[in-house]
Structures are given as structure tokens and as C-alpha cells.
């Protein structure tokens with residue numbers, strides 16, 4: 001079984017914080033521009049931050065721990081949807 005060291009917890013916390021801050025920056029620029037791509041990116045990074053936080057607080061012996069990774073999958077799907085939506089809007093003559 002893999003044992004997380006104190007440095008491992010530090011890295012989990014740092015990654016969690018960085019994902020949350022990146023989400024805040026995307027949200028800040030969304031409020032300035034109103035671009036839906038930025039909002040979806042913000043939500044995706046907040047989901048990744050939540051996923052890391054839940055992983056850090058869940059014991060490794062917990063059987064349903066793998067279900068937490070669904071949040072990461074949703075975040076990546078949200079990023080793909082945002083990019084496809086942005087490209088489709090550009091081709092239709094919408095806002096760039």
C-alpha cells in the first residue's frame with residue numbers, strides 16, 4: 001500500500017490551491033469579457049481543486065475513493081466542451 005508522506009500532503013495542498021487560484025483568474029477575466037470559454041475553464045479548475053481536496057481527505061482504504069476521480073473526468077469534459085463551443089461559435093460568425 002502506498003503511504004503519503006507529509007511532503008506528499010504539502011504537494012496535494014499546493015496543487016489544490018493552484019487549481020483554485022487559476023479558476024479565480026479565469027473567472028476574473030470572464031467577468032471582464034463575458035466569454036463563456038473563460039467561465040467554463042474556471043468551473044473546470046474549481047472541480048479539479050475540489051477533487052484534490054476530497055482525495056486528500058479520503059483514506060486510501062476507502063473503496064469508493066475511485067469515484068472521486070469522476071470530478072476530474074467532468075473537468076476535462078468541460079474543458080473539451082468549452083473549446084468545441086468556442087470554435088463552433090467562431091465558425092458561425094459569433095463572437096471570437
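Couple of notes before you dig in:
- Gain upon complete extension [residue 29, residue 80; 0.36 nm per residue less C-alpha separation]: 16.4 nm
- Shape of the range 18-91 from the C-alpha gyration tensor: oblate (a/c of 1.5 or more and a/b not above b/c, with a ≥ b ≥ c the square roots of its eigenvalues).
- Placing pseudo-labels 7 Å out from each Cα toward the beta carbon at residue 5 and residue 54 gives an inter-label distance of 2.9 nm.
- Euclidean distance between Cα centres, the range 56-83 to the range 17-49, Å: 18 Å
Since every read-out is calculated from the coordinates, none of them should be taken as a lab result. Quick caveat: nothing in here was measured; it's all calculated off a predicted structure. With ideal geometry, Cβ positions are generated from the backbone for all residues, glycine too; neighbour counts draw on all protein chains shown.
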